[in-house]
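Structure incoming, see below.
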Amino acid sequence: MATGSAAGEESSAAARRLHRLSLHLLQPAPAPADRHQQPLALAACARRVEGGADVAAALAAYLRGRHRAAQMRLFDFFRARPDLQTPVELPTAAHRELCYRQLRALVREAGVRPLTLMATDPAEYFAVMEAAGGADISLGVKLGVQYSLWGGSVINLGTKKHRDKYFDGIDNLDYPGCFAMTELHHGSNVQALQTTATFDPVTDEFIINTPNDGAIKWWIGNAALHGKFATVFARLILPLQGKGGEAADMGIHAFIVPIRDLETHAVLPGIEINDCGHKIGLNGVDNGALRFRSVRIPRDNLLNRFGDVSRDGKYTSSLPTINKRFAATLGELVGGRVGIAYCSVGVLKVAVTIAVRYALLRHQFGPPKQPEISVLDYQSHQHKLMPMLASSYAFHFATVQLVDKYSEMKKTNDEDLIADVHVLSSGLKAYITSYTAKSISVCREACGGHGYAAVNRFGALRNDHDIFQTFEGDNTVLLQQVAGDLLKQYQEKFKGGTLSVTWNYLRDSMSTYLSQPNPVTARWEGEDHLRDPNFQLDAFRYRTSRLLHSVAARLQKHSKTLGGFGAWNRCLNHLLTLAESHIESVILAKFIDSVKSCPDEKSRDVLKLVCDLYALDRIWQDIGTYRNVDYVAPNKAKAIHKLTDYLSYQVRLVARELVDAFDLPDLIIRAPIGMQSEAYAQYTQYVGF
Ligand SMILES: Cc1cc2nc3c(=O)[nH]c(=O)nc-3n(C[C@H](O)[C@H](O)[C@H](O)COP(=O)(O)OP(=O)(O)OC[C@H]3O[C@@H](n4cnc5c(N)ncnc54)[C@H](O)[C@@H]3O)c2cc1C
């Protein structure tokens, strides 16, 4: 006889079995087995889907967003000014000069006021920055240095007196400036910077000093040639105010330091500037190195939003600790990161557009006695390019959401939103720029030998974009911030606290995700099931939850013997995978929402196809993880693989429409092989025929 509680357990076990059985019986029907057998010739014939142009137009309208008009004005301006268009070959000095002329023309002739936009409508500011980067990535970065970094530091870290004094000059380019944070010995580890700003109570000034060669400010954009000011990050030192009458180090603060004479442009006394020289890419930007020898600046030049020094040398701050002030200071600089993520998607779209158009145009081999087929009809080519095209769409929606959140954050100063944007911008910047950097090389290879011609752009795109992975926060370091935040949220959850918006899924379903995978659903392989957004999102979130749970346990175990730092390092690869997994979940969730919100039915169907490819390709890429824990049984893994290939084929049929919907004018594409029409003719003409 079973006891009462054992009987209860038995009956609930029976109920679970029954539930699994019912799931099994309700399993969606498998996809028809023969649909992969479609002849290649059929694919080759399917040049345009019926009504394809309408779909492209409707999709373009959906993607375009509110700020397309501002971008079009910028494109029109450059189209009318061939003297401002960047040629394929250009020596460094000429490129720098041209880049500065381009920026001045945008501001002074086209009347764009980037700092005003940044302060009033950040989304339009990012749209302008992306469009400028489309004309020349160096221009986008030069604009970013002047406005996101130099301008952004003044308006976000300073107070009214700074805005009153500098805003207009920065906006109209009378005050070109720099953002001088990185030093020769320290880039990522900003808290270890060594430049000092010592307060002199006698003269009411700060003395900016480079104490050793390791503290020389390095890589500073706009410094080698054009900058007249720099926001210099330095340790604020108050003499006699530390313990025992020693100097007190108040941590890293930002100071406005004039570096060149406003009239003569001569470098000011006490400042030494050298040129960082020719770079792998971005040679339109003049990066320089700065050394300060006891340079005096007025006390007012301290950007004092988070910490101030009074006339009698007393330090005040609304924030209690150095760490809090440091976090607040860096937190104000997320705008740069948002811009980089957004522009990286722009670069990816250009690369994918060139590669897809060329793949449609290029015909190589074919069945006996039949015409050659387009290289995009090869399964291998679809495998290279279609998931990438799907990712471009996924990243588009994710970064538009990021920009919207950033704009909202600027308006409301809502604390939850600030935390959310901080982590989301780190994660998306890291994830997207790494993806784009790899993809550009794939696109180059997918275009064969002609992909290697400089005029077809991949070399410049790759070289100019490569550093996006490093500046505005090194990607490996940024992903650790995402992982750190996830762990913090995880601990909060177990303490019963609240979670920020992007992390909500952990609260809702952590326990579901941490239970054993269901052996019945693990075998489901029907197309309806695999294309169900609930299955896809669950799979992404399951992986993140498992990674989070397991890394938390490992950290706890290792910290006993290795300490916090050692344990973190021991688990570092695990932590990076966790961060990427979380960001992929966020991207997919937004993509699914964007499919649902698409007002045009045909476009919605196309987007659903693209979204399914994005989701299933990612699951397939990480199938080992899912198999290891039996979340996916062997038959299901096989079905996912087959369906991914099939979806790549389906997306290929609308690939032209999908890249056309990016709506990138020829002025931005520029590569002859990526033109919408007469690509070969434009290419031969370029070479001189
Ligand atoms: C073209 C260009 C323009 C720039 N413009 C500016 C500018 O205008 N102003 C400015 O202040 N700076 C600028 N920088 C500097 C840039 O911001 C830094 O290079 C960047 O922050 C990375 O710092 P780092 O070079 O010291 O790299 P490091 O931090 O030394 O990184 C080196 C390697 O170590 C790894 N690493 C570092 N820390 C960790 C860790 N904790 N865990 C695991 N791996 C780690 C990194 O992933 C990387 O692979 C620019 C740089 C370049 C190249």
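Being open to solvent by 10 Å² or more (accessible area, probe 1.4 Å), under 35 Å from the mean Cα position of the chain (by Cα) and more than 20 Å from E97 (Cα to Cα) is the filter here, so list the residues in the range 234-270 that pass it.
Residues satisfying the conditions are R235, D249, M250, I252, H253, P258.
Given the conditions (1) among the charged types (D, E, K, R); (2) closer than 19 Å to H95 by Cβ; (3) more than 16 Å from the ligand (Cβ to nearest atom), and given that D312 satisfies all but one, which numbered condition is not satisfied?
Of everything listed in (1) among the charged types (D, E, K, R); (2) closer than 19 Å to H95 by Cβ; (3) more than 16 Å from the ligand (Cβ to nearest atom), D312 misses just condition (2).
I'd like to know if the range 72-83 contains one or more residues that are under 24 Å from the mean Cα position of the chain (by Cα) and outside any helix (DSSP H, G or I).
No, the range 72-83 contains no residue that is under 24 Å from the mean Cα position of the chain (by Cα) and outside any helix (DSSP H, G or I).
Yes/no matrix, rows are residues, columns are (1) within 16 Å of the ligand (Cβ to nearest atom); (2) modelled with pLDDT of 95 or more; (3) more than 16 Å from Y342 (Cβ to Cβ):
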{"residue": "D414", "(1), (2), (3)": "no, no, yes"}
{"residue": "G427", "(1), (2), (3)": "yes, yes, no"}
{"residue": "Y435", "(1), (2), (3)": "no, yes, no"}
{"residue": "G449", "(1), (2), (3)": "no, yes, yes"}
{"residue": "V455", "(1), (2), (3)": "no, yes, yes"}
{"residue": "R462", "(1), (2), (3)": "yes, yes, yes"}
{"residue": "H465", "(1), (2), (3)": "yes, yes, no"}
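If you don't mind, another one. When the residues of the range 374-423 are filtered to those that are within 23 Å of Q650 (Cα to Cα) and polar (S, T, N, Q), which remaining residue is surrounded by the fewest Cβ atoms within 10 Å (Cβ to Cβ)?
S380
For a quick check of your reading: which helices (runs of 4 or more DSSP H) sit entirely within the range 634-689 and have at least 1 residues that are surrounded by fewer than 20 Cβ atoms within 10 Å (Cβ to Cβ) and free of Cβ contacts under 8 Å to residues at least 40 places away in the same chain?
Ranges flagged: 634-653, 666-669, 679-687.
Let me confirm something: among G473, G484, which residue is buried (at least 17 other Cβ atoms within 10 Å of the Cβ), at pLDDT 90 or above and within 16 Å of the ligand (Cβ to nearest atom)?
Result of the check over G473, G484: G473.
Among the candidates I155, I170, single out the residue that is out of contact with any strand residue (DSSP E or B) (no Cβ under 8 Å at 6 or more places or on another chain), over 21 Å from F292 (Cβ atoms) and buried (at least 18 other Cβ atoms within 10 Å of the Cβ).
After ruling out the rest, the residue left standing is I155.
Of all residues in the range 173-192, count the ones that are out of contact with any strand residue (DSSP E or B) (no Cβ under 7 Å at 6 or more places or on another chain) and either small (G, A, S) or not in a loop (DSSP other than H, G, I, E, B) (or both).
Qualifying residue count for the region: 3.
For the range 178-233, give me the residue count where each residue is open to solvent by less than 20 Å² (accessible area, probe 1.4 Å), small (G, A, S) and near the ligand (Cβ under 10 Å from one of its atoms).
5
What are the residue pairs meeting all of these: first residue in the range 453-467, first residue farther than 10 Å from R670 by Cβ, second residue among the hydroxyl-bearing types (S, T, Y) and within 11 Å of the ligand (Cβ to nearest atom), Cβ atoms under 7 Å, and 6 or more apart or on different chains?
Within 7 Å, the pairs are D464/S138.
Determine, yes or no, whether F292 is more than 14 Å from the ligand (Cβ to nearest atom) and on the phi < 0 side of the Ramachandran plot.
So F292 fits the description; yes.
So, in the range 149-174, exactly how many residues are within 16 Å of the ligand (Cβ to nearest atom), of a type outside the set (A, V, I, L, M, F, W, C) and in contact (Cβ under 8 Å) with a residue 40 or more places away in the chain?
Final tally of qualifying residues: 3.
The values are calculated or read from the model by the stated rules, or taken from the named source; none is laboratory data. Values in this document were obtained by computation on a predicted structure and should not be read as measured data. Every residue, glycine among them, receives a Cβ derived from its backbone with ideal geometry; neighbour counts consider all protein chains shown. The area values use the complete protein model at the heavy-atom level, side chains included, leaving out ligands, DNA and RNA. Shrake-Rupley method; radii C 1.70, N 1.55, O 1.52, S 1.80 Å.
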